[in-house]
Amino acid sequence: MRVNSLLAAKNFNVHQENIVIGNGAAELIKSLMLNISGKTGFMTPTFAEYPNRYKKEDSIVYTPDNADFHYSIEDLTAYFADKQIENLLVVNPDNPSGNYINKADLMKLISWTGARGVRIIIDESFADFAVESDNSLIDQEILEDNPHLYVVKSISKSYGVPGLRLGV
């Protein structure tokens, strides 16, 4: 695992201590959801692995009121502003809705959660399929400036190797 985390760190140009390797993103999601606590904000529809692995009584769910389930950071901050959440989970681009929040707006959301002491988990497993280039949050400066930020990425989707079970 040390060698794998070193290789991933070099690939993403971040410090090795900022990388956790898993047997696919699903293993990391399971571990993450077992090890966080408190009220957690989710959007629906979303990648069900996250809310299915979390306690229903601690889940606060936002469902956009429109046909394509589009939401913006303004929608999220307005909805969660008066909720006592300790975590916020965003899959970006979201699966299955395809909703996408650009990097500049994600940075605003990261700042908003940081100011409130809320941990933010952003799954960017499908980010390589977005039109915006340079949209990854796996960046040493971003990670250092935002210790409340956790980024999940499935390597199999990025490199088209579904038989390789690797997530960071």
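The values are calculated or read from the model by the stated rules, or taken from the named source; none is laboratory data. Remember, predicted model here, so these are calculated numbers, not experimental data. Reconstructed Cβ throughout: ideal geometry from the backbone, glycine too, with neighbour counts over all protein chains shown. Note: areas computed on protein heavy atoms with side chains; ligands, DNA, RNA excluded. Shrake-Rupley method; radii C 1.70, N 1.55, O 1.52, S 1.80 Å.
For residue 56, the lysines whose Cα comes closer than 20 Å to its Cα, not counting residues fewer than 8 places off in the same chain, are 30, 39, 83. Measuring from a point 7 Å past the Cα of residue 15 along Cα-to-C-beta, which residues in segment 128-159 have an amide N at less than 19 Å? Within reach of a label on residue 15, which here means backbone N under 19 Å from a point 7 Å along Cα→Cβ, segment 128-159 contributes 137-152. The angle between the Cα long axis of helix 25-35 and the longest principal axis of the Cα atoms of the chain comes to about 60 degrees, rounded to the nearest 10. I want to check the label-to-label distance for residue 3 and residue 72. Put each point 7 Å from Cα in the C-beta direction and report it in nm to one decimal. Label-label distance for residue 3 and residue 72, simple model: 5.0 nm.
Computed log10 I(q)/I(0) for segment 50-144 at 0.14, 0.17, 0.20, 0.22 Å⁻¹: -0.53, -0.80, -1.13, -1.36, from the Debye equation with unit scatterers placed on every C-alpha and solvent omitted. Per-residue extension of 0.36 nm, minus the Cα-Cα distance of residue 134 and residue 83, leaves a gain of 15.2 nm for this segment.
Here the chain exposes an accessible surface that is 52 percent carbon and sulfur, computed with a 1.4 Å probe and the other protein chains kept in place. Per residue, the chain exposes 52 Å² of accessible surface when a 1.4 Å probe is rolled over the protein heavy atoms with every protein chain present. Where a Cα-Cα gap under 14 Å defines reach, which aspartates and glutamates qualify for residue 55, not counting those fewer than 8 residues away within the same chain? Excluding near neighbours in sequence, the set is 86. Across segment 10-22, rounded Karplus estimates of 3J(HN,Hα) from the backbone phi angles (6.51 cos²θ - 1.76 cosθ + 1.60, θ = phi - 60°) give 5, 4, 8, 6, 10, 5, 4, 5, 8, 10, 10, 9, x Hz, Gly and Pro being marked x. Scaling against 2.2 N^0.38 Å puts the C-alpha radius of gyration of segment 1-112 at 1.17.
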